[in-house]
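Asker: Before we start, here is the structure in question, set down as structure tokens.
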Amino acid sequence: MTGYLASFEQGMREALAEAGGSGEDVPVGAVVLDGAGAVIGLGHNEREADADPTAHAEILAIRAAGRARGNWRLDHCTLFVTLEPCTMCAGAVLAARLPRLVYGAHDPRAGAAGSVWDVLHDPRLGEPVEVVSGVLEAECAALLRDFFERRR
């Protein structure tokens, strides 16, 4: 990986490490970095652990970042996530005013950042979000593939 995509590799490695804490949940990790590159929010799927359908990695990382900043507006921040966000999480990206999303693996079933829907570029929903996809895609996809193979 070279150039622009390579500049996002470290943030995605942080998200991959966070995905390891998902336990019985689908291993998805998310990290919010501030404009200086400091981690201000971490999250991994906790739907099963918390019996909470909204406990997606992205939601938890965004909540943590808002608390860390003392503000729900996450301008000048970047969300890194190992799997393309669903519609709920894409809506949270817009609500938090995140200007950039970086994700690893595409979600052909429920992806809302360009695969199935393109929520983050719908002009009716506000400012478009810069979406960078495919960062460490093979590693992110392998994490999910291995998880589902073990469950079968």
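The values are calculated or read from the model by the stated rules, or taken from the named source; none is laboratory data. Bear in mind that the values here come from a model prediction, so they are computed numbers and not experimental data. Here Cβ is always computed from backbone atoms with ideal geometry, including for glycine, and neighbour counts include all displayed protein chains. Side chains included, ligands, DNA and RNA excluded: accessible areas come from the protein's heavy atoms. Shrake-Rupley method; radii C 1.70, N 1.55, O 1.52, S 1.80 Å.
Asker: Go through (1) farther than 19 Å from Cys86 by Cα; (2) without any contact (Cβ under 8 Å) to a residue 12 or more places away in the chain one by one and return the number of the condition Glu9 breaks.
Answerer: Only one criterion is unmet by Glu9, namely (2).
Asker: Please determine, by comparing only the residues of region 134-152 that are over 14 Å from Arg13 (Cα atoms) and not aliphatic (A, V, I, L, M), which one is surrounded by the fewest Cβ atoms within 10 Å (Cβ to Cβ).
Answerer: Taking the candidates together, the pick is Arg152.
Asker: Go over the candidates Gly91, Gly111 one by one and state the one that is assigned to a helix (DSSP H, G or I), among the small types (Gly, Ala, Ser) and either in contact with a Pro (Cβ under 8 Å, 6 or more places away or on another chain) or surrounded by fewer than 18 Cβ atoms within 10 Å (Cβ to Cβ) (or both).
Answerer: Residue meeting the stated conditions: Gly91.
Asker: So which of Leu42, Leu101 ends up being part of a strand (DSSP E or B), open to solvent by 70 Å² or more (accessible area, probe 1.4 Å), among the aliphatic types (A, V, I, L, M) and in contact (Cβ under 8 Å) with a residue 24 or more places away in the chain?
Answerer: Leu42
Asker: Out of curiosity, is Gly35 within 17 Å of Phe8 (Cα to Cα), open to solvent by less than 70 Å² (accessible area, probe 1.4 Å) and not charged (D, E, K, R)?
Answerer: yes
Asker: Looking at Leu83, is it within 14 Å of the chain's Cα centre (by Cα), open to solvent by less than 50 Å² (accessible area, probe 1.4 Å) and under 15 Å from Glu18 (Cβ atoms)?
Answerer: Yes; evaluated as a whole, the condition is true for this residue.
Asker: Now a separate question. Within the set of pairs 6 or more residues apart or between chains, which connect a residue that is on the phi < 0 side of the Ramachandran plot inside region 113-139 to a residue that is in a helix (DSSP H, G or I) and of a type outside the set (A, V, I, L, M) with Cβ atoms less than 7 Å apart?
Answerer: From region 113-139, the pairs are Trp117/Thr87; Val119/Thr87; Val119/Gly91; Pro128/His121; Val135/Glu9.
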